[in-house]
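**Q** This is the structure, below, for whatever I ask next.
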Amino acid sequence: MDVLSSVSVTFVIRWAHVLAMVIVVGGSASLCVRFLRPLGEREPARDPARLRAAIGYERAFWMAIGLLVLTGVGNAGAFAGHLPTPETLWGRKFVLKLFGVMALILVSFLRTCLVAQWEHVQGHRPEMLVPKVIGGLYGATLFLGVAVSSLALFLAHG
């Protein structure tokens, strides 16, 4: 019974980890496209639908990152005694993944601050550049998310 419950908990933790990463990568891909494509006649800086989508994603993103950190630490802790050292190829890729996660969090912090600033000035001083920069930061989030996910797949499956 204990083995079954341990396997079940591990399964749920891993799936929560994967689903949280789907939110990070999928949402950033969607918003990258949404922010970088032309809007036609409308002024991009005054598009309230883009702003609402960005604000909603920022909330979901940070909840997903929290879940990723919790489940990632849980996964690493579960195997701590059996993890290869940083001198091995696996260990170097694990360290690279951790740096990727830190870069993802830093880029995302800057992006969230810019979205919050854009929300604050919306309608007061629309800047045409702001949506493009936010779109670029969503692109960077997408790139880093895919890179971290790729490293995670290597780590999980050799």
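**Q** For G27, indicate whether it is within 16 Å of L144 (Cβ to Cβ) and at pLDDT 95 or above. Steps first, please.
**A** Values: within 16 Å of L144 (Cβ to Cβ): yes; at pLDDT 95 or above: yes.
Yes: the conditions hold for G27.
**Q** Could you identify the single residue in G158, G91, G77, G135 that is modelled with pLDDT under 95, in contact with a Cys (Cβ under 9 Å, 6 or more places away or on another chain) and of a type outside the set (D, E, K, R)?
**A** None of the others qualify; the one that does is G135.
**Q** On to the next question. Condition first: part of a helix (DSSP H, G or I), surrounded by 15 or more Cβ atoms within 10 Å (Cβ to Cβ) and modelled with pLDDT under 90. Can you find one or more residues in segment 123-131 that meet it? Walk me through how you get there before you give the answer.
**A** Kept after step one, since they are part of a helix (DSSP H, G or I), are these residues of segment 123-131: 129-131.
Checking the rest, the ones that are also surrounded by 15 or more Cβ atoms within 10 Å (Cβ to Cβ) come to 130-131.
Narrowing further to those that are modelled with pLDDT under 90: 130-131.
Within segment 123-131, one or more residues are part of a helix (DSSP H, G or I), surrounded by 15 or more Cβ atoms within 10 Å (Cβ to Cβ) and modelled with pLDDT under 90.
**Q** Then there is this: Regarding G66, is this residue farther than 27 Å from A49 by Cα and small (G, A, S)?
**A** On the way: farther than 27 Å from A49 by Cα: no; small (G, A, S): yes.
For G66, the condition - farther than 27 Å from A49 by Cα and small (G, A, S) - is not met.
**Q** If we keep just the residues of segment 50-76 that are closer than 23 Å to V9 by Cα and over 12 Å from the mean Cα position of the chain (by Cα), which is surrounded by the most Cβ atoms within 10 Å (Cβ to Cβ)?
**A** Per the criteria, the residue is T71.
**Q** Could you check F79 against (1) surrounded by 12 or more Cβ atoms within 10 Å (Cβ to Cβ); (2) more than 18 Å from the chain's Cα centre (by Cα) and say which number it fails?
**A** Only one criterion in (1) surrounded by 12 or more Cβ atoms within 10 Å (Cβ to Cβ); (2) more than 18 Å from the chain's Cα centre (by Cα) is unmet by F79, namely (1).
**Q** Which ones in segment 64-108 are β-branched (V, I, T) and part of a helix (DSSP H, G or I)?
**A** Residues of segment 64-108 that are β-branched (V, I, T), as a first pass: 65, 69, 71, 73, 85, 88, 95, 101, 105, 107.
Once the filter is applied, which keeps residues that are β-branched (V, I, T) and part of a helix (DSSP H, G or I), segment 64-108 yields I65, V69, T71, V73, V95, V101, I105, V107.
**Q** May I pose another question? Being surrounded by 12 or more Cβ atoms within 10 Å (Cβ to Cβ) and not in a helix (DSSP H, G or I), is that true of even one residue in segment 109-121?
**A** no
The values are calculated or read from the model by the stated rules, or taken from the named source; none is laboratory data. From a predicted model like this one, the values you see are computed outputs, not experimental measurements. Backbone-built Cβ (ideal geometry, glycine too); neighbour counts: all protein chains shown.
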